[in-house]
Amino acid sequence: MNELIEHHEIISVLPGGSREQGEKPLLREHSLKISVNGEQRFSLICTGEYIKELTVGRLLTEGLIGSAQDIESLATDTDGHSVKVILKSEPKNANENHKLPEVKWSESEIFALAKRFSEETQLHRVTQCTHSCFLAKGSELLFCCEDIGRHNAVDKAVGHAVLNGIDLSGCMLFTSGRVPNDMVMKTVAAGIPVLVSKSVPTADSVETAHKYGLTLICRAYPDRFEIY
């Protein structure tokens, strides 16, 4: 984590004009360019960890691949700022939007994940500058990650599942960020049937969740949550 953070001097201004000098840990931005079959497709600002997972997750949620088997090769440069992906065929909309399968979940699982969510987001605890994402199956936490962008964090979790052969149709995502329509569509494209958030959805995202059978749970905290 240390390589992701830099400390900078600050001056805190208080009511009445008094000032205090101090030091603040700040997150360092990481620029990433992803090319697919020789064409640059994505230019992202992210945190400099889980670059491979972020790349594969973005390819899946954007419909460029259907599984890891669609990737011929994936090469990252030495500083992790450029990823070159070669697919076995030309990129196409590999993931058609479809009704998601039902998956069993319990109130106790949601409350337990919400409790862990508040305890295991280390970068946010230090910098207050990240969004977090959990990938879980029932009460089992499979992967956790953080990023400057909430969409990036979701893609990292999805990419981890794809690279490790985890069946996303039996999983749930837990995100710290707001849930606009594009976040719901990203979850649907990944084939994940349950999306949980600490924050709130939009009216559009609720309508889309109903359309595709996505279970949408928001304002999820250790003592309460809302089902839309």
Practice task
Consider Thr215 carefully, then state whether it is surrounded by 23 or more Cβ atoms within 10 Å (Cβ to Cβ), β-branched (Val, Ile, Thr) and in contact with a strand residue (DSSP E or B) (Cβ under 6 Å, 6 or more places away or on another chain).
Solution key: no
Of Gly22, Gly16, Gly63, the only residue that is over 23 Å from the mean Cα position of the chain (by Cα) and open to solvent by less than 40 Å² (accessible area, probe 1.4 Å) is Gly22
Those strands (runs of 3 or more DSSP E) completely within segment 1-66 that have 3 or more residues that are closer than 22 Å to Ala189 by Cα are 30-36, 39-46
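Quick one: which of Glu140, Glu146 is open to solvent by 40 Å² or more (accessible area, probe 1.4 Å), modelled with pLDDT under 95 and either under 17 Å from Ala190 (Cα atoms) or charged (D, E, K, R) (or both)?
Details: Glu146 fails: open to solvent by 40 Å² or more (accessible area, probe 1.4 Å).
So the residue among Glu140, Glu146 that is open to solvent by 40 Å² or more (accessible area, probe 1.4 Å), modelled with pLDDT under 95 and either under 17 Å from Ala190 (Cα atoms) or charged (D, E, K, R) (or both) is Glu140.
Might you check whether a residue that is farther than 21 Å from Val196 by Cα, open to solvent by 50 Å² or more (accessible area, probe 1.4 Å) and not in a strand (DSSP E or B) occurs anywhere in segment 99-120? It would help to see each step written out before you state the result.
In the first step, residues of segment 99-120 are kept if they are farther than 21 Å from Val196 by Cα; the result is none.
The answer is no; no qualifying residue exists.
What do you reckon, is Cys145 touching a strand residue (DSSP E or B) at 6+ places or on another chain (Cβ under 8 Å), closer than 22 Å to Thr121 by Cα and touching a residue at least 60 places away in the same chain (Cβ under 8 Å)?
On the way: touching a strand residue (DSSP E or B) at 6+ places or on another chain (Cβ under 8 Å): yes; closer than 22 Å to Thr121 by Cα: yes; touching a residue at least 60 places away in the same chain (Cβ under 8 Å): yes.
Yes; evaluated as a whole, the condition is true for this residue.
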| said: Among the residues that make up segment 121-131, is at least one of them in contact (Cβ under 8 Å) with a residue 40 or more places away in the chain, in a strand (DSSP E or B) and buried (at least 23 other Cβ atoms within 10 Å of the Cβ)? | reply: yes
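The values are calculated or read from the model by the stated rules, or taken from the named source; none is laboratory data. Please read all numbers here as calculations on a predicted model, not as lab measurements. Note that each Cβ is placed from the backbone with ideal geometry, even for glycine, and that neighbours are counted across all protein chains shown. For accessibility, only protein heavy atoms count, side chains too; no ligands or nucleic acids. Shrake-Rupley method; radii C 1.70, N 1.55, O 1.52, S 1.80 Å.
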